[in-house]
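Remarks on the structure that follows.
Please treat every number below as a calculation from the coordinates, not as lab data. Model, not experiment: these values are computed from the prediction. All Cβ positions, even for glycine, are placed from backbone atoms using ideal geometry, and neighbour counts span all protein chains on display.
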Amino acid sequence: MLIREAIPADAETLAVLSAQLGYPVDVVTIAQRLEDIAAHAAGVVRVAADAQGAVCGFANAEPRRLLIADPFVELTALVVAQTARGAGTGAALLAAVEAWARDNGFTSVRVRSNVLRERAHRFYLREGYIERKRQAVFLKRL
């Protein structure tokens, strides 16, 4: 397995994986978002590619600088293709995000995970994360 930076040619697979995570989005939008992240140095998108070069997972993380907390990196998405789960791909992607965070001077990575994603919670606990709190998320469309 190879972990590398996402490129525009990955957009179609990233859209499929995003839908598997529960966030359906079209290929054009994914490509635009990938370009926007790169253009604004707004974080990192890493992909996992199998031995044939096919993308089988991705992780997206962004730096967060808040008035009320020390700077940290937030893992905003981590998904592995259903056919590739259980083979260490998620752990490799998470390790790549953690390395990126360290390389950029951050000392912690935060993850938000829906309370319904119990398998994901077990994964993060196994990877050394601790549960800090549970919360409600509110949204207002503008």
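Here are the numbers for this structure:
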| read-out | value |
| --- | --- |
| Residue exposure sequence - Thr76, Thr89 - by fewest surrounding Cβ within 10 Å | Thr76, Thr89 |
| Length-normalised contact order for the chain - Cα pairs under 8 Å, 6+ apart - percent | 19 percent |
| Antiparallel %, DSSP beta bridges [both residues in the chain], to 5 | 85 percent |
| Alpha-carbon Rg with Dmax, taken over the range 72-141, Å | 13.2, 39 |
| Mean shadow area of the range 24-89, taken as a quarter of the surface of its Cα convex hull (nm²) | 6.2 nm² |
| Surface/4 estimate of mean projected area, convex hull on alpha-carbon atoms of the range 2-126, nm² | 8.1 nm² |
